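Colleague: Mind looking over this structure? Questions follow.
Readers should treat all values here as calculations from the given coordinates under stated rules, not as data from a laboratory. If you're wondering where the values come from, they're calculated on a predicted model, not measured in any experiment. Cβ: placed from backbone, ideal geometry, glycine included. Neighbour counts: every protein chain shown.
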Amino acid sequence: MIGQVALVGMPNVGKTALFNKLTGSYQRVANFPGVTVEKKIGWISENGKHSIQVIDLPGLYSLDATTLDEKVTKDFLLQKEKSQTASLFILVLDATNLDKSLFMAFQLKQLGYPLLIALNLMDEAEKRGMKIDIALMAKELNADIVPTSAATGDGVSNLIEMLKKHLSNGELPKIELPAELQKTFRSPNYVSGIFNQIDSLLAKITLSPLRPDSLGERIDRWVLHPIGGGFILLIVLLIMFQTLFSWSAPLSDLIESFFHLLGEWISLYISQPTLKSFFVDGVISGVGGVLVFLPQIMILFLFTQFLEDVGYLGRAAFMMDSLMRKMGLPGKAVIPLLSSHACAIPGIMSTRVIENERERLITMLVIPLTTCSARLPVYAVLIGALIPDHPVFGWEFLRLPGLVLFGLYMLGFVSALVMAFIFKKSLPQSSPSMLLMELPPYRIPKLKNLFLVMKNKGMIFLKKAGGIILAISIAIWFLVTFPQTDGKSHIETSYAASIGRVFTPVFKPLGFDWRMTTALIPSIGAREVVVSALSMVLSIEEGTEGHEKNLSQALVHEFGLGSLMALLIWFVFAPQCISTFAVMKRETNGLAWPTLMVGYTLGLAYLFAFIAKELFSFWS
């Protein structure tokens, strides 16, 4: 490796897209030392060897950092930690929004940085009629400037060549931030002075001005309309959840068939019953029972990334700002809440964008009520058991299971808003923060970028959950298999039955017997393990090898409507996995707030599961 570079820039300038174009598939996700802000690390490779390491830093508007993730970028720029340094910083500017993105360029110039600028989105700027004197701009900023388009890849090879040229000049000198400059960051005179310099520079270098984005403005009249925009948001969400079921079904069937054939193939070569049960019922059935829902999770990642790339996700946050503020959450909480639908852990981490500590705490407390992707396997099995696959109002494209899934997601989100309002009235008051965000232009997403992000997030999910799923599946197999009598397993006398019966009196009012109770215990490690736990308990009890009976049919056969509805509602409110607890403990520097989070979500889960059990038992 010949050097390390870091990408820095304002949010929505195409920085991450440029990172993806530079590094391709040679990337991974990690955390900064001592903090939980996510960073992406990638490599520019030549001849199959990593030559330049690239770090994608969190977005930053200026060195007057206020949020925790912005401070991470600021500290990195100022090289405050020896472990957080780079040989070179690439400043990514938005050619269609130079009046704002140049602010960082002038600040870094004041610090004496040798600037390498990637002038991104040049293709969009040229389509809208803008022409820039890049040579004069480079002279005025005393920087090398490379026009790029992360979407098309134009200029990326030139940027890599310029990188090599800069890295050959040696390490970047350590930059010391003058104390007097740091004090003036928030001074109106300082800010207006920089904007005056920007206006002067733009007047010199602009050969042809940028035409307004008339199409984007027309779309925004509908998307951001107080009433129409809300209906559009609901329609988008309905389509997303309907597609989760319809698109994922063939892929899920394919994965299920694969694990079924794998189990049959292994059975041919293992004759010893216990050993065969270990591999078929413990390993293959346990892991396969969860991975069969991976297509749904991947499609969820694909949709959320599509909405972000197309420019809609920020507008959804803007649409929800007014409602969120009334309920006690800042507008900036929309992004953590939306990202928590993939996983609560990055959602809690992303609350670092919230300056107000009280509002950040409330956001972290209610994030576990949003429906993370780990709940999808549970929802899919229980919806399959309880809800017939009928069209709604005769519309084939809108079917009942997708509508119910949408309702479960909305129930979790509305519950989060209600609890935020309660916390708003309970916790000490403080000055509210304001929503300040740059709405990105509408863009046509690139399929390669969408699938790269989906693949990376899917791999993170597998790495995070795979080991836990395998370990818990083996543990459950052991508990339901032993002790054996006459070389055979008897579920009623197993260790699992003993453990389940200890907790059964607590869950009996919800209609849960020892089998359901036993399946709930490993969900502390990972929500999705409940599926394999139920599958394993029921299949072994029935004397099968785990692939001969559909789990949904087995649940309907073994349990009543009230018990299954109680289990479904339980997972809407129940606290997240132990990893979420650990991350929140680290973010709040203590056990008090994570304990409160677990306590109140358990209370809600028990209360509403009991209500659901009583209502549906009465109706059935």
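Colleague: What's the local net charge at SER498, with K and R +1, D and E -1, over the other residues with C-beta under 13 Å away?
Modeller: On the way: positive: ARG501, ARG515; negative: GLU492.
Charge balance near SER498 sits at +1.
Colleague: Can you order the peptides 91-101, 475-485 by their average number of other Cβ atoms within 10 Å per residue, highest first? Write down the numbers at each step before the final one.
Modeller: Numbers: 91-101: 22.4, 475-485: 18.2.
Listed from highest to lowest mean packing, they are 91-101, 475-485.
Colleague: Going by average Cβ neighbours within 10 Å, how do the peptides 155-164, 126-135 rank, with the highest at the top? Working shown, then result.
Modeller: Working: 155-164: 16.9, 126-135: 14.6.
Ranking the peptides 155-164, 126-135 by packing returns 155-164, 126-135.
Colleague: Something else now. Compute the distance in nm between two label points, each set 7 Å from the Cα along the Cα-to-Cβ direction, one at GLU264 and one at SER426.
Modeller: That separation, rounded to one decimal, is 5.4 nm.
Colleague: Using a Förster distance of 22 angstrom, determine the FRET efficiency expected from the C-beta separation of GLU46 and ASN158, and round it to 0.05. List each step's numbers first, then the result.
Modeller: On the way: r = 15 Å, r/R0 = 0.70.
So, using R0 = 22 Å, E works out to roughly 0.90.
Colleague: Starting from one equal scatterer on each C-alpha and no solvent at all, send me the Debye-based log10 I(q)/I(0) for segment 183-288 at q = 0.13, 0.15 Å⁻¹, two decimals.
Modeller: -0.79, -0.89
Colleague: Taking the Cβ-Cβ separation of SER214 and LEU607 as r and a Förster radius of 51 Å, what is the calculated FRET efficiency to the nearest 0.05? Please report the intermediate quantities before stating the final value.
Modeller: Working: r = 52 Å, r/R0 = 1.03.
Given R0 = 51 Å and the Cβ-Cβ separation, E is 0.45.
Colleague: Kindly give the semi-axes, whole Å and largest first, of the ellipsoid equivalent to segment 232-619, taking each as the square root of 5 times a Cα gyration tensor eigenvalue.
Modeller: Semi-axis lengths for segment 232-619 are 36, 24, 20 Å.
Colleague: Assign unit charges at the C-beta atoms only (+1 for Lys and Arg, -1 for Asp and Glu), then state the dipole size of segment 232-619 relative to its Cα centre in Debye, rounded to the nearest 20. Don't skip to the end; give the middle numbers.
Modeller: Working: 28 positive and 24 negative charges, 276 e Å.
It comes to approximately 1320 debye.
Colleague: Hey, fewest Cβ within 10 Å first, where do SER246, SER494 land in order? Mind dumping the intermediate values first?
Modeller: On the way: SER246 13, SER494 22.
Going from least to most buried by this count: SER246, SER494.
Colleague: For the peptides 304-311, 116-123, what is the packing order when you average, over each peptide's residues, the other Cβ atoms within 10 Å and list the highest mean first? Numbers along the way, then the final one.
Modeller: Working: 304-311: 19.1, 116-123: 24.8.
Highest to lowest by the protection proxy: 116-123, 304-311.
Colleague: Could I ask something else about it? For the pair GLU357 and ILE227, what calculated FRET efficiency results from E = 1/(1 + (r/R0)^6), where r is the Cβ-Cβ distance and R0 = 30 Å, to the nearest 0.05?
Modeller: Values: r = 34 Å, r/R0 = 1.15.
The formula returns an efficiency of 0.30 here.
Colleague: Using modelled backbone amide H atoms (1.01 Å from N, in-plane), which distant-in-sequence or interchain residues come within less than 5 Å of GLY3's amide H?
Modeller: Hits under the 5 Å cutoff: GLN53.
Colleague: Tell me, what ³J(HN,Hα) does each residue in segment 201-210 have, in order and in whole Hz, if you take phi through Karplus 6.51 cos²θ - 1.76 cosθ + 1.60 with θ = phi - 60° and put x for Gly and Pro?
Modeller: 5, 5, 5, 7, 9, 7, 8, 8, x, 7
Colleague: Between HIS390 and THR274, with labels modelled 7 Å along Cα→Cβ, what's the label distance in nm to one decimal, could you check?
Modeller: Between HIS390 and THR274, the label points sit 5.0 nm apart.
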